[in-house]
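Chemist: Quick one: structure below, then a few questions.
The values are calculated or read from the model by the stated rules, or taken from the named source; none is laboratory data. Note that the structure is a prediction, hence the values are computed from the model and not measured. Neighbour counts run over all protein chains shown; Cβ positions are idealised from the backbone, glycine included. The protein model used for the area step is the full one, side chains on, heavy atoms only, and it has no ligands, DNA or RNA in it. Shrake-Rupley method; radii C 1.70, N 1.55, O 1.52, S 1.80 Å.
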Amino acid sequence: MRFSLNHMICPGLTAEQLIDAAAGLGVDAVELRNDVQENSVTELQRATAIGEYARARGIRVLSINALYPFNVWNDEMAAKAEKQAQLANAAGAIGLVMCPFNENGPFASVDDIKTALTGLQPILERHGLQGFVEALGFPFSSMRTKRVAVDAIEGLKAQGRFGLVHDTFHHKGAAEQEMFPALTGLVHISGVEDPAISFNDMLDAHRVLVGPQDRLDNIGQIKQLLATGYTGYFSFEPFSAEVWDLPDPIAAVKDSMDYIRARLAE
């Protein structure tokens, strides 16, 4: 099983500290972000320096997270995508995570997603990147399920350029049953332990590391993905300050890795 560290494990770390943390855990991949305040990847010179540092430490950069809202496709979004693709390429990233409009907008149709992917394809090709499409399972998301993205990708015959992010939190929140291991390029893992929150009401702030009290069935989802052919990375993506404020969040990530491995070995 291959783990990765998304910068959301502790946004207060610099990108170099994130890379060092991964190396210290024996993890060979990270995900960078553009929404972690002063530690965001937003400038080409900085992206290049981070990429060089990662290569020197033997760490792969999987993505920059995220292009938002990718499905509101217009000239402004095209320019934004071009800039983020340049940053991802400079950092040596494999791809760019792309998230849909998430503010009580209209639900996106397959044609809407096709329009966005058609515009994105030449940009990603120009910079040698994969597009990782992530459904957000919130009730107010314009694209709650992966099925919409699958239909768009397959309709365009663009499987070579686009794949899915399977996020265990969003998969459960959307009550989605289908998994698409052959099209999945990246998996985000986080847990929810609060017994008072419903799956329909849970928010990013509820997302902690995966442990014995997890209510999202991360272990079941991981087992199913592995059993059906997924061979990529499982990237820790907790959004909760409860994790960030721990005395040693990296040690907590190691505990979560050990827990997941032990459960998979049962």
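Chemist: Calculate the FRET efficiency for ALA79 and LEU156 from the Cβ-Cβ distance with a Förster distance of 35 Å, rounded to the nearest 0.05. Kindly include the intermediate steps, with their values, before the conclusion.
Modeler: On the way: r = 22 Å, r/R0 = 0.63.
After rounding, the FRET efficiency stands at 0.95.
Chemist: Considering Cα pairs under 8 angstrom that are at least six residues apart, work out the relative contact order of the chain and quote it in whole percent.
Modeler: 18 percent
Chemist: Do any GluC sites (Glu not before Pro) in the range 32-106 lie in a loop, going by DSSP, with at most 13 other beta-carbon atoms within 10 Å of their beta carbon, and if so which?
Modeler: GLU43, GLU103
Chemist: Anything over 27 Å Cα to Cα? Flag those among LYS80/LYS254; LYS80/LYS172; LYS80/LYS157; LYS172/LYS254; LYS83/LYS172; LYS146/LYS223, in the order listed.
Modeler: LYS80/LYS254; LYS80/LYS172; LYS83/LYS172
Chemist: For the range 93-129 and the range 131-156, what is the separation of their C-alpha centers, rounded to whole Å?
Modeler: Distance between centres, Cα-based: 9 Å.
Chemist: Which trypsin sites (Lys or Arg not before Pro) in the range 130-227 sit in a loop by DSSP (not H, G, I, E or B) and have at most 10 other Cβ atoms within 10 Å of their own Cβ?
Modeler: Within the range 130-227, the qualifying trypsin sites (Lys or Arg not before Pro) (loop, at most 10 other Cβ atoms within 10 Å) are LYS157.
Chemist: Would you work out what percent of the accessible area of the range 6-137, with all protein chains in place, is carbon or sulfur (probe 1.4 Å)?
Modeler: The value for the range 6-137 is 49 percent carbon and sulfur by accessible area.
Chemist: How far apart, in nanometres, would the label points at GLN17 and ALA49 be if each is projected 7 angstrom from Cα along the Cα-to-Cβ direction?
Modeler: Reported label-point gap for GLN17 and ALA49 is 1.6 nm.
Chemist: Also: Note down the magnitude of the dipole of the range 1-63 about its Cα centre, charges +1 on Lys and Arg C-beta and -1 on Asp and Glu C-beta and zero elsewhere, to the nearest 20 debye.
Modeler: Roughly 220 debye, rounded to the nearest 20.
Chemist: Once you have a ≥ b ≥ c as the square roots of the Cα gyration tensor eigenvalues for the range 10-58, tell me rounded if a/c is under 1.5, and otherwise prolate or oblate according to whether a/b is larger than b/c.
Modeler: In terms of gyration-tensor shape, oblate.
Chemist: Report the net charge of residues surrounding GLU134, where surrounding means a beta-carbon distance below 12 angstrom and charges are Lys +1, Arg +1, Asp -1, Glu -1. The partial results should precede the final answer.
Modeler: Details: positive: ARG144, LYS146; negative: GLU31, ASP167, GLU237.
Net local charge, GLU134 excluded: -1.
Chemist: Placing unit charges on C-beta atoms (Lys and Arg positive, Asp and Glu negative, everything else neutral), compute the dipole magnitude of the range 160-266 about its Cα centre in debye, rounded to 20.
Modeler: Details: 8 positive and 16 negative charges, 95 e Å.
Dipole magnitude for the range 160-266 comes out near 460 debye.
Chemist: Accessible area per residue of the chain at 1.4 Å probe, in Å²?
Modeler: 41 Å²
Chemist: While we're looking at this one, here's another question. Solvent-accessible area of MET1, probe 1.4 Å, all protein chains present, reported in Å² to the nearest ten, please.
Modeler: Accessible surface of MET1 is approximately 80 Å².
Chemist: In debye, nearest 20, what is the charge dipole magnitude of the chain about its Cα centre with +1 on Lys and Arg Cβ and -1 on Asp and Glu Cβ, if you could check?
Modeler: So the magnitude is around 780 debye.
Chemist: Counting helices only, and only those DSSP H runs with n ≥ 4, report the 222 nm mean residue ellipticity of the chain as the sum of -39,500 (n - 2.57) divided by its residues, in deg cm²/dmol to the nearest 500. Intermediate values should be presented prior to the final figure.
Modeler: Details: 9 runs with 104 residues, N = 266.
Computed ellipticity for the chain at 222 nm equals -12000 deg cm²/dmol.
Chemist: Hey, if you put +1 on the Cβ of every Lys and Arg and -1 on every Asp and Glu Cβ in the range 122-266, which of LEU124, MET257, GLN221 ends up farthest toward the positive end of that dipole?
Modeler: LEU124
Chemist: Enumerate the amide H contacts of SER235 below 5 Å, restricted to partners 5 or more residues apart or on another chain; note that Pro and chain-start residues carry no placed amide H.
Modeler: Those qualifying (amide H under 5 Å, at least 5 residues apart or on another chain) are SER4, VAL187, HIS188, ILE189.
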